[in-house]
Amino acid sequence: AAEFLAPSYRGMRRFADDAKVRAVVLRIDSPGGSAMASDMMWHAVRRVTQRKPVIVSIGDMAASGGYYVASAGSVILARDTSLVGSIGVVGGKVVLADMASKVGVQVETLQRGRNAGWSSAFTRFSDTERLAVTQLARATYGQFIGRVAAGRKLDRAQVQRWAEGRLLSGSRAREAHLIDREGGLDEALVLAREQGQLADDAPMDVWPHERSLR
C-alpha cells in the first residue's frame with residue numbers, strides 16, 4: 001500500500017513548499033483501506049494545511065481511512081447525503097486450511113519467531129498471535145481517534161462519541177463537527193479561491209495528471 005501511495009504522498013507534500021499553489025482542494029470518495037497508507041496521507045495533508053488552506057470535498061463517501069485523511073484538512077465539505085465517519089479499525093484473517101485439505105493441498109510453513117505465522121492463511125491464530133493482533137488494532141484505533149481530534153480540534157471524548165465504526169450522513173456529521181459545511185466540489189473550489197485570496201477566475205490545475213499507457 002505504501003509503495004502504491006508514494007506518488008500521491010510525495011505530490012501532496014510538495015504542495016506545501018510550492019509558492020505557486022495558494023490553496024488545495026482535496027476530493028475524497030473512499031470507503032477506506034490501509035491504516036498505514038491513511039496515516040501517511042494524513043501527515044502529508046496536515047503538512048500542507050499548516051502552510052495554506054486545504055479544502056476537503058467529500059463525494060459519496062469518506063469512511064474509515066477516507067475520513068482519516070479528510071480530518072487533516074482545513075475545512076471539510078460534504079453533501080447531506082454523503083456517508084462520513086466509520087472511525088474504527090477492523091482486522092482478522094480467513095483460514096483456508098480445511099478447504100486446502102479437502103482438495104488435497106498440503107501446506108508446510110517454515111517460520112522463526114513466536115508470532116511469525118500470524119498472517120498465514122493456513123493456520124489459526126495462536127493465543128499470543130491473537131493478543132498481538134488485538135493490541136495492534138487497539139493502538140491503531142487510538143491513533144485514529146487522536147488524528148481526528150487533532151485535525152478537527154476536538155477533545156478525544158467528543159470524537160469517541162461518534163467513533164466505534166459509526167457511519168453518519170453528511171448532515172449528521174456536520175452536527176457532530178466531523179465536517180464543517182454542506183457543499184460539493186463547486187462550493188469547495190469557490191472556498192479555496194476565497195481562502196487562498198485568489199480571483200474568481202484564478203487558474204486551477206488538476207492533479208494527478210492523467211497518465212497514458214506508455
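The values are calculated or read from the model by the stated rules, or taken from the named source; none is laboratory data. None of these values were measured; they are calculated from a predicted model. Note: ideal-geometry Cβ built from the backbone for every residue, glycine included; neighbour counts use all protein chains shown. Heavy atoms of the whole protein, side chains included, go into the accessibility calculation; ligands, DNA and RNA do not. Shrake-Rupley method; radii C 1.70, N 1.55, O 1.52, S 1.80 Å.
Just to be sure before I move on: is residue 39 among the acidic types (Asp, Glu), within 12 Å of the chain's Cα centre (by Cα) and under 20 Å from residue 159 (Cα atoms) in the structure I sent? Spelling it out, residue 39 is indeed among the acidic types (Asp, Glu), within 12 Å of the chain's Cα centre (by Cα) and under 20 Å from residue 159 (Cα atoms).
Just to verify a result, which residue in segment 75-132, among those that are assigned to a helix (DSSP H, G or I), closer than 28 Å to residue 39 by Cβ and not small (Gly, Ala, Ser), is most open to solvent (accessible area, probe 1.4 Å)? Let's see the steps before the verdict.
In the first step, residues of segment 75-132 are kept if they are assigned to a helix (DSSP H, G or I); the result is 97-102, 127-132.
Add one more test, that the residue is closer than 28 Å to residue 39 by Cβ, and what stays is 128-132.
With the extra rule that they be not small (Gly, Ala, Ser), the set shrinks to 128-131.
Numbers: 128: 46, 129: 11, 130: 127, 131: 100 Å².
Only one residue tops the list, namely 130.
The one condition from (1) under 16 Å from the mean Cα position of the chain (by Cα); (2) of a type outside the set (Lys, Arg); (3) at positive phi that residue 177 does not meet is (1).
In segment 21-41, how many residues are part of a loop (DSSP other than H, G, I, E, B) and closer than 14 Å to residue 63 by Cα? Walk me through how you get there before you give the answer.
First, pick out the residues of segment 21-41 that are part of a loop (DSSP other than H, G, I, E, B): 21-23, 31-34.
Still in the list and also closer than 14 Å to residue 63 by Cα: 31-34.
Looking only at that region, the number is 4.
Give the residue, chosen from 44, 72, 16, that is in a loop (DSSP other than H, G, I, E, B), surrounded by 17 or more Cβ atoms within 10 Å (Cβ to Cβ), touching a residue at least 24 places away in the same chain (Cβ under 8 Å) and aliphatic (A, V, I, L, M). Full working, then the answer.
Working: 44 fails: in a loop (DSSP other than H, G, I, E, B); 16 fails: in a loop (DSSP other than H, G, I, E, B).
The conditions single out 72.
Looking at 167, 131, which one is farther than 30 Å from residue 53 by Cα and of a type outside the set (Phe, Trp, Tyr)? From the options 167, 131, the qualifying one is 131. Restricting attention to segment 50-63, does a residue exist that is assigned to a helix (DSSP H, G or I), touching a helix residue (DSSP H, G or I) at 6+ places or on another chain (Cβ under 8 Å) and free of Cβ contacts under 8 Å to residues at least 40 places away in the same chain? Within segment 50-63, none of the residues are assigned to a helix (DSSP H, G or I), touching a helix residue (DSSP H, G or I) at 6+ places or on another chain (Cβ under 8 Å) and free of Cβ contacts under 8 Å to residues at least 40 places away in the same chain.
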